[in-house]
Structure formats: structure tokens, C-alpha cells
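Before any comments, here is the structure.
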């Protein structure tokens, strides 16, 4: 299961109701901040999430509305909060701008309050745990080094307790070892293999996060069938010329891609201040009905084989 919290959902400049782009993904004991627009640290506090364990930041690209919040966040870490280290992941062009921002503006010759690691993203698996992976994939937008991310639970085989009971496997470490893929020998000498007590492979949940994007025809097939797709909808169809000029999506184009890719749920974000939420939703839902338009502090739970719904606002 992944939990997704939107901290900022506006495009380019904040509005009265929407901050600049930032999202938190919670997975197991990990927290990942995806993009860090200006004001993100205040949004973290208002959401109740705070700064604990916030040591990995994934950047979709290097435009200022997606990275300027790093300055304030790092300043807060320097004076008020304590984390052991900070990883900032992004394409080379993005990291060059981050380097200038952190070392040329924020620190200005001071030592950082913790080790800061700038991780040069490459297409492929960027993060791997026992339970899930994060895949980075290239995205077309203005300038080089733009990325999207796929958070994917690893497939698993459910433990069939009734079958284990029938085979006389006692509750305890034997069942844990079988669940981990090891064979066990019972007290009567019988050997029980994992295949004896494990069901068919069940795929895990998949959450896809895309920042600013100009085209969808070159996106990877690994997005197809995802449980949730987060994509920008900066413009409406009658503003398609603006979208083309600035390398962005219209709500209709995002919805069309969601339909073609067979995703379960589409969550739209990065709205221009010139557009109303209702207009964006109406345009997208006419093509892809299972669409949400994210608001600041919206929280979504992404669980395999369960509908994605908008939940209560995030709390500590």
C-alpha cells in the first residue's frame, strides 16, 4: 500500500487555495517528498506530517516552481530540525540548479548541517526494498533531465493458512520461513516446500507520478494498468496552444492517455490559476470518468484491487 499526500497543486505560481508543486509518498517506514515548490515546509507543518524521516527528495525536473522550496526546507533543517542525511534525486540538469541553489545561495560557504547527497537519476530502478521499488523514467518537457516515477509493490504469494494447517505445519517460525520461500522439515521428518502452502502470484499496487510533461507517446509500457496515475492538467482544451508552447498537458489529453494506458484512477494536479477545478474535472471526466482533481492536503490510499478514494486530510 502507498499513501499519497498532496502539499501543493498549483502550476507556476501559488493561488489563494493552492501551493506550489509538492507531494509526499509514504511507503512502509519510508517517506519520499516528490518536488519541493516554494512554501513546501509550511505545507508539511499544516498537513501534520512534519519533517521526521524526510530524508529523500525526488525531483521531476529543475524548474523553479518545483525546486525553490529546497532553500527554505534546508534552512529549517539547519536551525530547527535534525536529520542524519539528505538525498536529493534528479536528472543532471536539475541537480546542477539544486547545487547552485544550496551551495551558492543557502550555504554560501557554510558547512551543511548534515551530509547532502545529490543522486544523478538514470532510467531504471532507483530504489529497491524487500517490499517495493521506485522506477525512474524519462519524460519530455522543456529542457533535459525530466523524470517520472513508478512506485511498485513487489508481487507476492499469499500464505494459505488452511493448507498449512492441513499439512500439520505449526504456527510460528516454520510458517515464517515458508512465507520467505524456504523449505522446512517438520518434527515427523516430512519436508514441506513453499509451493505446498503458497498461493498464486499476486501483483502489488502501482502508483505513477509524473510532473510537467509535453507528450505521452514516449512513456513506458510499465505505466499501463497502474492503480493510480498522477499527471498534470495545467490547461483546458481551448488553451491547447498554450499547452503546446510551454510543454504542458490539457485535462483532455491527460484523460485520453489514462484511458489508453488502462490505469485504474487518474489524479490531476498542477492547475493554472486561470482555471477552475470544476472545469478541469468536467473536461477530463467526460473522457475518463474515474478522475480526481487534487487539492492541497488531499490524501489518497493506493491499495491493489481496491478503489482509490479521496480520504480525510492528512494528520500527524
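Being within 30 Å of residue 45 (Cβ to Cβ) and either outside the structural domain of residue 35 (by TED's automatic domain parsing) or crowded, with 17+ Cβ neighbours inside 10 Å (or both) is the filter here, so list the residues in segment 239-276 that pass it. Step through it out loud before you land on a result.
Keep residues of segment 239-276 that are within 30 Å of residue 45 (Cβ to Cβ), which gives 248, 265-276.
Matches in segment 239-276: 248, 265, 266, 267, 268, 269, 270, 271, 272, 275.
Would it be correct to say that residue 284 is surrounded by fewer than 16 Cβ atoms within 10 Å (Cβ to Cβ) and in contact with a strand residue (DSSP E or B) (Cβ under 6 Å, 6 or more places away or on another chain)?
no
Only one residue in 142, 177, 190 is in the same structural domain as residue 82 (by TED's automatic domain parsing) and more than 22 Å from residue 2 (Cβ to Cβ), so which one is that? Spell out how you get there, then give the answer.
On the way: 177 fails: in the same structural domain as residue 82 (by TED's automatic domain parsing); 190 fails: in the same structural domain as residue 82 (by TED's automatic domain parsing).
Result: 142 is the single residue among 142, 177, 190 that is in the same structural domain as residue 82 (by TED's automatic domain parsing) and more than 22 Å from residue 2 (Cβ to Cβ).
From the list 158, 138, which residue is modelled with pLDDT under 95 and either over 30 Å from residue 245 (Cα atoms) or under 18 Å from the mean Cα position of the chain (by Cα) (or both)?
158
Tell me, which strands (runs of 3 or more DSSP E) lie completely within segment 75-154 with 2 or more residues that are touching a helix residue (DSSP H, G or I) at 6+ places or on another chain (Cβ under 6 Å)? First the steps, then the outcome.
Values: elements: 86-90, 116-120, 124-128, 132-138, 147-153.
Fully inside segment 75-154 and qualifying: 116-120.
Name the residues in segment 207-232 that are free of Cβ contacts under 8 Å to residues at least 60 places away in the same chain and either surrounded by fewer than 19 Cβ atoms within 10 Å (Cβ to Cβ) or not in a loop (DSSP other than H, G, I, E, B) (or both), would you?
217, 221, 224, 225, 229, 231
From 169, 184, which residue is buried (at least 16 other Cβ atoms within 10 Å of the Cβ) and in contact (Cβ under 8 Å) with a residue 24 or more places away in the chain?
Within the list 169, 184, the selection yields 169.
Please specify each residue of segment 1-32 satisfying the condition of being buried (at least 21 other Cβ atoms within 10 Å of the Cβ) and within 13 Å of the chain's Cα centre (by Cα).
2, 4, 5, 6, 7, 21, 22, 23, 24, 25, 27, 32
Tell me, please, whether a residue that is in contact with a strand residue (DSSP E or B) (Cβ under 7 Å, 6 or more places away or on another chain), part of a helix (DSSP H, G or I) and touching a residue at least 40 places away in the same chain (Cβ under 8 Å) can be found in segment 38-53.
Among the residues of segment 38-53, at least one is in contact with a strand residue (DSSP E or B) (Cβ under 7 Å, 6 or more places away or on another chain), part of a helix (DSSP H, G or I) and touching a residue at least 40 places away in the same chain (Cβ under 8 Å), which makes the answer yes.
Only residues that are under 22 Å from residue 23 (Cα atoms) and modelled with pLDDT under 95: list them for segment 230-271, please.
Within segment 230-271, just 247 meets the criteria.
Does residue 92 meet the test of being assigned by TED's automatic domain parsing to the domain that holds residue 227, under 18 Å from residue 28 (Cβ atoms) and in contact with a strand residue (DSSP E or B) (Cβ under 6 Å, 6 or more places away or on another chain)? Don't jump to the end; show me each part of the working.
Numbers: assigned by TED's automatic domain parsing to the domain that holds residue 227: yes; under 18 Å from residue 28 (Cβ atoms): no; in contact with a strand residue (DSSP E or B) (Cβ under 6 Å, 6 or more places away or on another chain): yes.
It is false that residue 92 is assigned by TED's automatic domain parsing to the domain that holds residue 227, under 18 Å from residue 28 (Cβ atoms) and in contact with a strand residue (DSSP E or B) (Cβ under 6 Å, 6 or more places away or on another chain).
Take segment 25-37 and flag every residue that is over 13 Å from residue 58 (Cβ atoms), without any contact (Cβ under 8 Å) to a residue 60 or more places away in the chain and in contact with a strand residue (DSSP E or B) (Cβ under 9 Å, 6 or more places away or on another chain).
Selection gives 26, 37.
Against the conditions (1) under 17 Å from residue 11 (Cβ atoms); (2) part of a helix (DSSP H, G or I); (3) touching a residue at least 40 places away in the same chain (Cβ under 8 Å), where does residue 242 fall short? Just the number, please.
(3)
The values are calculated or read from the model by the stated rules, or taken from the named source; none is laboratory data. The shown structure was predicted, so the numbers you read here are calculated from the model rather than taken from an experiment. Cβ coordinates were reconstructed from backbone atoms using ideal geometry, including for glycine residues, and neighbour counts include every protein chain displayed.
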